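Report on the following structure.
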């Protein structure tokens, strides 16, 4: 559940976490705004978020990482 109590979804909760600059820096490998691309790489993205190497200009706060992890655990809804 999101902080509003609504189910977590890629379009409403996850995609907005990725900024234009995050997307641009990863476009040579995959598109952070593409549901299919993020689903396919969700475990690797989560690993990078946890170790602080993504995004490249500074780690996400714990609540954002938790939201991404919750989305995965919820079955990665679109």
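Nothing in this text is a laboratory measurement; each read-out follows from the coordinates by a stated rule. Just so you know, these numbers come straight off a predicted model, no measurement behind them.
Quick notes on this one:
- Helical content of the chain, expressed as a calculated mean residue ellipticity at 222 nm, amounts to -12500 deg cm²/dmol (DSSP H runs of 4 or more residues, -39,500 (n - 2.57) each, divided by residue number, nearest 500).
- Taking the C-alpha atoms only, the angle from helix 42-51 to the longest principal axis of the chain is near 70 degrees.
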